[in-house]
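Presented below is the structure to which this report refers.
The values are calculated or read from the model by the stated rules, or taken from the named source; none is laboratory data. This structure is a prediction, so every number in the text was calculated from the model and none was measured. Here the Cβ is made from the backbone with ideal geometry for all residues, glycine too, and neighbour counts use every protein chain on show. For the accessible areas, the whole protein counts, side chains as well, though only heavy atoms, and no ligand, DNA or RNA atoms are used. Shrake-Rupley method; radii C 1.70, N 1.55, O 1.52, S 1.80 Å.
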Amino acid sequence: MNVYDVLIERGYFADATHPEKIRDYLAKPGAIFYIGFDPTADSLHIGHLTQMMVMAHMQKAGHIPIALMGGGTGQIGDPSGRSDMRQLMTQATIDHNIAKFKEQMARLIDFSDDKAIMANNADWLMNINYIEFLRDIGVHFSVNKMLATDIYKNRLGDGLTYFEFSYILLQSYDFLELYRRYDCRLQMGGQDQWANIISGVDLVRRVEQEEVYGMTFQLLQNSAGEKMGKTAKGALWLDADKLSPFEFYQYFRNIEDASVINTMKILTFMSLDEIAKYENLEGQEINQAKEVLAYEVTKVVHGEEEAKAAQKQARQLFSGGGRSDDMPTFELTTDEAYNTPILDLLNNNKIVPSKSEGRRLIKQGGIYLNDVSITDPNGNLNENHFENNEAIIRRGKKNFFRFVLK
């Protein structure tokens with residue numbers, strides 16, 4: 001089956017500049033395409049996983065992905081969907097983030113023997129001659145058309161710097177460079193990248209008189225149309241140090257019923273026939289599908305061993321009233337345990353993302369110590385809280401942690 005049809009069947013497809021021509025382009029192995037990633041954090045998140053899954057499906061069909069790192073554009077940051085300007089990053093930070101991205105992408109994408117390419121737009125953007133760029137590239141862009149796009153229109157009232165305004169020129173220029181360097185003829189990205197993508201397609205046509213294509217895919221959303229992927233710690237990170245495999249697993253184990261099947265199609269490699277077995281489950285039976293989803297997505301991101309451990313821990317917590325040998329465990333000295341406010345212990349061990357968030361959760365009755373709601377954020381633990389040298393912390397309904405005395 002043509003991978004173009006696979007992407008449609010699995011629910012990725014949103015829009016395309018030349019649907020039939022793209023389908024023909026993908027009919028034979030060897031098509032070169034790219035997806036851009038701006039390294040604005042030191043980990044990819046669940047939104048990026050959709051893009052990586054598309055790359056993996058395309059590579060399995062024999063095509064060649066280019067993962068374009070925004071070492072240049074990342075110093076500006078895409079203004080799409082933002083109400084403020086991104087903080088500027090140092091080159092060292094960008095390089096570090098790119099290294100982390102490559103490590104995480106390698107779990108899904110095979111970069112060996114030129115089966116995939118890791119490119120960095122800093123290679124051509126950092127030494128641009130400004131006047132030549134405006135003369136050769138800027139001349140092809142209409143300010144009126146740019147201001148009419150949602151990227152910029154939604155920011156005009158809040159203030160938009162020329163610094164950010166130039167982003168669409170630079171991203172379009174990326175497509176031109178990748179066409180010239182690799183004969184890349186297809187750019188792919190999230191639906192929110194449509195304006196950037198069609199600008200790149202148009203630029204290649206104007207400069208090179210060649211036809212290239214653009215294709216977008218659906219953003220991962222819940223049934224209310226909101227972006228999925230927010231946890232108590234912020235974004236649903238793919239880095240185990242920023243979000244443990246167990247917490248990652250639990251996110252999908254507790255996903256809303258209406259999102260289970262679509263998420264299976266987009267974030268797992270389960271066959272559509274296998275997924276179809278879960279489509280008509282309702283009530284308590286849908287939990288079986290959620291457990292399968294959580295396991296499969298965790299396996300994709302963290303590997304089979306971590307997925308099995310997370311599944312085992314979740315089952316132990318369910319059957320054991322909140323206790324599991326595999327739950328995240330933090331060792332404390334007696335002095336630390338008894339003389340540090342509970343809020344500081346929660347924050348220091350990243351059980352809550354910040355003191356303010358921890359204080360809010362405690363105020364709302366969302367943090368429990370040995371299944372008793374904590375009411376005083378400045379209170380201390382004592383020997384009565386530790387049974388067999390351990391105390392169990394619960395955040396919300398199903399996130400468990402353990403303090404153990406050394």
Give region 3-40 a look and list any residue that's open to solvent by 10 Å² or more (accessible area, probe 1.4 Å), out of contact with any Asp or Glu (no Cβ under 9 Å at 6 or more places or on another chain) and either assigned to a loop (DSSP other than H, G, I, E, B) or among the basic types (Lys, Arg) (or both), or say none. ARG10, GLY11, THR17, ALA27, LYS28, PRO29, GLY30
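Could you list all residues from region 268-293 that are of a type outside the set (A, V, I, L, M), part of a helix (DSSP H, G or I) and touching a Lys or Arg at 6+ places or on another chain (Cβ under 9 Å)? Quick ask: steps written out before the conclusion?
Our first condition is that a residue be of a type outside the set (A, V, I, L, M); within region 268-293, this holds for 268-269, 271, 273-274, 277-280, 282-285, 287-288, 290-291.
When the remaining residues are screened for being part of a helix (DSSP H, G or I), the result is 273-274, 283-285, 287-288, 290-291.
Passing the criteria: ASN287, LYS290, GLU291.
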Could you tell me which residue of region 56-71 is modelled with the highest pLDDT, considering only residues that are crowded, with 22+ Cβ neighbours inside 10 Å and not in a strand (DSSP E or B)? MET58
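Quick one: which residue in LYS308, LYS397, LYS299 is under 30 Å from MET264 (Cα atoms) and either more than 32 Å from the chain's Cα centre (by Cα) or not in a helix (DSSP H, G or I) (or both)?
Details: LYS308 fails: either more than 32 Å from the chain's Cα centre (by Cα) or not in a helix (DSSP H, G or I) (or both); LYS299 fails: either more than 32 Å from the chain's Cα centre (by Cα) or not in a helix (DSSP H, G or I) (or both).
Result: LYS397 is the single residue among LYS308, LYS397, LYS299 that is under 30 Å from MET264 (Cα atoms) and either more than 32 Å from the chain's Cα centre (by Cα) or not in a helix (DSSP H, G or I) (or both).
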Using the structure shown, decide if GLU164 is among the charged types (D, E, K, R) and buried (at least 18 other Cβ atoms within 10 Å of the Cβ). yes
The condition from (1) surrounded by 14 or more Cβ atoms within 10 Å (Cβ to Cβ); (2) within 24 Å of PHE248 (Cβ to Cβ) that LYS397 misses is numbered (1)
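Of these, ALA240, ALA224, ALA195, which one is assigned to a loop (DSSP other than H, G, I, E, B) and farther than 24 Å from VAL301 by Cα? Lay out the reasoning, then the answer.
On the way: ALA240 fails: farther than 24 Å from VAL301 by Cα; ALA195 fails: assigned to a loop (DSSP other than H, G, I, E, B).
It is ALA224.
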Could you tell me which of the residues TYR173, TYR162, TYR182 is closer than 25 Å to LYS28 by Cα, among the aromatic types (Phe, Trp, Tyr) and more than 23 Å from the chain's Cα centre (by Cα)? TYR182
Testing GLY358 on (1) in contact with a strand residue (DSSP E or B) (Cβ under 8 Å, 6 or more places away or on another chain); (2) assigned to a loop (DSSP other than H, G, I, E, B); (3) among the small types (Gly, Ala, Ser), one condition comes back false. Which one is that? (2)
Among residues belonging to region 6-32 that are over 21 Å from the mean Cα position of the chain (by Cα) and basic (Lys, Arg), point out the one that is farthest from ASP114 (Cα to Cα). LYS21
Of the residues in region 199-242 that are without any contact (Cβ under 8 Å) to a residue 60 or more places away in the chain and surrounded by 22 or more Cβ atoms within 10 Å (Cβ to Cβ), the one that is farthest from VAL139 (Cα to Cα) is VAL212
Taking region 368-390 on its own, how many of its residues are under 33 Å from the mean Cα position of the chain (by Cα) and either within 21 Å of GLN316 (Cβ to Cβ) or open to solvent by 70 Å² or more (accessible area, probe 1.4 Å) (or both)? 3
With the structure loaded, tell me whether LYS265 is assigned to a helix (DSSP H, G or I), in contact (Cβ under 8 Å) with a residue 24 or more places away in the chain, among the basic types (Lys, Arg) and closer than 23 Å to ALA61 by Cα or whether it fails that test. yes
